[in-house]
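Heads up, the thing below is written out as structure tokens.
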Amino acid sequence: MTAIAMVMIIGFVALATDVGLLWSERRQMQTAADAAAVAGVIALRTSANVTSAAANLATLNGYTNGINGAIVTVNNPPASGPYAGNSTYVEVIIARPAPSTYFLRVLAHNPMSISTRAVSGVGSASACIYALSPTGNNAVSITGSSSVTTSCGLLDDSTASQAMTVSGGSTLTAASIGVVGNYTGSGYTPAPKTGVASVADPLAALQPPTVGACTATKYTAPNPSGTIGPGTYCNGITVQGGATLYLNPGLYILLGGGLTVGGGSSIVGTGVTFYNTGSKTYSYKAINLTGTSTTSLIAPTSGTWAGILFFQDRSIVSNDQNTVSGSSATVYQGALYFPTTPLVYSGGSSATGYTIVVAYTITFSGGSSMNSNYSSLAGGSPIKRSPLYE
């Protein structure tokens, strides 16, 4: 009876010890597969080598293809599952013989192999407002009885105790509100979540264009109206005195001088992107738009600049304030990307499209209604994330 009982006791010890060991190994392997799949998708988004990126992350987590019996397989597109054949997804499979067991060997149990699988894909980010200042107060500021409403999320990277401020009877309503530091004031819906992890520049993968020779120098729109095409505008573009400037689709490089629209004037363009930069000859100047109700600027829906309306040269660090404002009928559809300079925004309404704001600091002045309807973009939001799907 004692001998029989000992066999049963060894069996239970095997379950408690060896199965736990195998389960721990599998969890570690699954973590490696998850990380590798996400790394593969990030590489896919930035046109890097998908297989190398995924394999490197698997190695960092202890699984190198061909070492200690490990087999790391990277498939883009996935070879199986509901996303098989879809090139926007990456599948990682990791397999390796199970580590030596202690008690199961006594019971003559055959060696086992452990295998895990993960699938990650390119998805649109849930946030569309990002303040990138890492330390300053008022990285996001809403004052003067302003009402800001957005159907997506807001993220504030500042670690300051007053990283975000809503005051003077203002309100902020968003799908979610996160701040690395803390916030002051009330009027938030929902209440901000503090202590969130900081987020890197969400458009960091966007490559700047090549600046060519001057198409025009210090261009001023004629009155009552004029039409121009893509090119390099040295010393910027100015629209004033009630004029209306029409833009043909394409990329407009502002080499110094910026873009100034004011004095009851308007600017109209569909499928346009502005790249704002400067040089020793043509000094950088911020964007200053105070367009009328007929102002309408819409980013391209396809190509290199899909979803990008304004792109500020990242190498420029300036306290000069960009201003993008207008009436409730003014349309600014696309990403307003000012990663190293401040932005004051009161762009009216984008109820039928989308507006993305990424700036060093953001001040909302006046009422703004921002939507996140990316149906016009085949690839969805230009800001991507890499979630796990399997």
When region 346-360 is checked residue by residue, the ones that are at pLDDT 90 or above and open to solvent by 10 Å² or more (accessible area, probe 1.4 Å) are 360
_Among the residues that make up region 43-50, is at least one of them modelled with pLDDT of 90 or more and among the hydrophobic types (A, V, I, L, M, F, W, C)?_
yes
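Only residues that are in contact (Cβ under 8 Å) with a residue 24 or more places away in the chain, outside any loop (DSSP other than H, G, I, E, B) and either out of contact with any Gly (no Cβ under 9 Å at 6 or more places or on another chain) or farther than 13 Å from residue 37 by Cα (or both): list them for region 56-81, please.
Our first condition is that a residue be in contact (Cβ under 8 Å) with a residue 24 or more places away in the chain; within region 56-81, this holds for 57-58, 60-63, 68-72, 74, 76, 78, 81.
With outside any loop (DSSP other than H, G, I, E, B) added as a condition, the list becomes 57-58, 60, 71-72, 74.
Selection gives 58, 60, 71.
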If we scan region 192-202, do we find a residue that is at pLDDT below 95 and buried (at least 19 other Cβ atoms within 10 Å of the Cβ)?
-> yes
By residue number, the members of region 213-237 that are open to solvent by less than 40 Å² (accessible area, probe 1.4 Å) and under 34 Å from the mean Cα position of the chain (by Cα) are 216, 228, 229, 231, 232, 233, 234, 236, 237
- Residue check for residue 301: closer than 16 Å to residue 344 by Cα and either of a type in the set (A, V, I, L, M, F, W, C) or open to solvent by 30 Å² or more (accessible area, probe 1.4 Å) (or both): no
Selection from region 170-187 of residues open to solvent by less than 30 Å² (accessible area, probe 1.4 Å) and either assigned to a strand (DSSP E or B) or in contact with a helix residue (DSSP H, G or I) (Cβ under 9 Å, 6 or more places away or on another chain) (or both) yields 172, 177, 178, 179
Per the filter on region 238-256, residues more than 28 Å from the chain's Cα centre (by Cα) and under 20 Å from residue 321 (Cα atoms) are 238, 239, 240
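Across region 308-323, which residue is least open to solvent (accessible area, probe 1.4 Å) among those that are more than 24 Å from residue 365 (Cα to Cα) and touching a residue at least 60 places away in the same chain (Cβ under 8 Å)?
Going through region 308-323, the residues more than 24 Å from residue 365 (Cα to Cα) turn out to be 313-316.
From what is left, the residues that are touching a residue at least 60 places away in the same chain (Cβ under 8 Å) are 313-314.
On the way: 313: 24, 314: 72 Å².
Here the residue is 313.
Taking the stated definitions as given, is residue 253 modelled with pLDDT of 95 or more, touching a strand residue (DSSP E or B) at 6+ places or on another chain (Cβ under 7 Å) and farther than 30 Å from residue 42 by Cα?
Working: modelled with pLDDT of 95 or more: yes; touching a strand residue (DSSP E or B) at 6+ places or on another chain (Cβ under 7 Å): yes; farther than 30 Å from residue 42 by Cα: no.
Here the answer is no, as residue 253 does not meet what is asked.
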Selection over region 53-65 where residues are open to solvent by less than 60 Å² (accessible area, probe 1.4 Å) and over 14 Å from residue 116 (Cβ atoms) yields a count of 3
Filtering region 273-287 down to residues that are surrounded by 23 or more Cβ atoms within 10 Å (Cβ to Cβ) and either in contact with a helix residue (DSSP H, G or I) (Cβ under 9 Å, 6 or more places away or on another chain) or in a strand (DSSP E or B) (or both) yields 273, 274, 276
Note on region 334-383: residues farther than 17 Å from residue 173 by Cβ and hydroxyl-bearing (Ser, Thr, Tyr) are 337, 340, 341, 352, 360, 361, 363, 374, 375, 376, 381
Over region 21-50, the set of residues over 17 Å from residue 96 (Cβ atoms), open to solvent by 80 Å² or more (accessible area, probe 1.4 Å) and among the polar types (S, T, N, Q) is 47, 49
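The values are calculated or read from the model by the stated rules, or taken from the named source; none is laboratory data. Not measured: the values here are computed from a predicted model. Here Cβ is always computed from backbone atoms with ideal geometry, including for glycine, and neighbour counts include all displayed protein chains. We work out accessible area using only protein heavy atoms, side chains counted, and drop any ligands, DNA or RNA first. Shrake-Rupley method; radii C 1.70, N 1.55, O 1.52, S 1.80 Å.
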